[in-house]
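This report refers to the structure that appears directly beneath it.
Readers should treat all values here as calculations from the given coordinates under stated rules, not as data from a laboratory. Nothing here was measured: the structure is a model prediction, and the numbers come from that model. No Cβ is skipped: glycine too gets one built from the backbone with ideal geometry, and neighbour counts run over all protein chains shown.
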Ligand code: FES
Ligand code: FES
């Protein structure tokens, strides 16, 4: 017999209430119950990074969490980045530098980039490559993504330049405009060296979800 639980999740500042089996993944709830299909599902076992979202400012793989585990958290998906028709500077940099082809991986890369630039507003190329190592792209060859992240860092640094000129640290939430969460004490981040292997549903799918 199906056991349903009523849950309310906050995504991009909006509360979504629905009934979900305890085994329903956070990714499925976001896509099916919230209608936010920008979060993609590729591997569904924590490898590809396509399902990456921010939870309390930290990246998590939404295919590895159950929806019921996310109650009380503030989540941001790729739909929460743009300001109306105006792309977020990170999205704009991806666009400007041709950092996507089919775009399937892009939401995950964007959310990873948000967290990364909050943590490290002035990264080296090597740091960018390391930060993105947990997201897979089958199209671009990665170079343009790395270029886009470097460009986004430059744009965001220019926006917060006044602070840097005074020698003050740039507050993390100012770096990307997306609130950063508490410092990294939880093991819920998405890069492979940090990803939490939460329970995953026994249900398997036949292919990736767009
Ligand atoms: S769908 Fe691949 S890591 Fe979640
Ligand atoms: S742009 Fe196609 S998978 Fe990355």
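When you count, for each residue, the other Cβ atoms within 10 Å and take the mean per peptide, how do 27-33, 137-143 rank with the highest first?
Highest mean packing first, the order is 27-33, 137-143.
With Rg and the Kirkwood Rh both taken from Cα atoms, where does Rg over Rh land for segment 18-128?
With Rg and the Kirkwood Rh in hand, the quotient comes to 0.97.
Among 4, 156, rank each residue by its count of other Cβ atoms within 10 Å, from fewest to most, as a rough exposure measure.
Going from sparsest to densest Cβ surroundings: 4, 156.
Would you please put 124-136, 97-109 in order of how densely packed they are, using the mean number of other Cβ atoms within 10 angstrom per residue and starting with the highest?
97-109, 124-136
What would the Debye formula give as log10 I(q)/I(0) at q = 0.27 Å⁻¹ for the alpha-carbon point model of segment 5-80, no solvent?
Reported log10 I(q)/I(0), two decimals: -1.43.
When 17, 52, 59 are ordered from fewest to most other Cβ atoms inside 10 Å of their Cβ, what list results?
Fewest-to-most Cβ neighbours within 10 Å comes out as 17, 59, 52.
On a full-extension model of 0.36 nm per residue, what is the gain between residue 68 and residue 101, subtracting their alpha-carbon distance, rounded to one decimal in nm?
That pair, residue 68 and residue 101, stretches by 8.5 nm at full extension.
How do 68, 60 line up, fewest other C-beta atoms within 10 Å first?
68, 60
Using 0.36 nm per residue, how much length does the chain from residue 43 to residue 3 gain when fully extended, once their Cα-Cα distance is taken away?
Additional length available on full extension: 11.8 nm.
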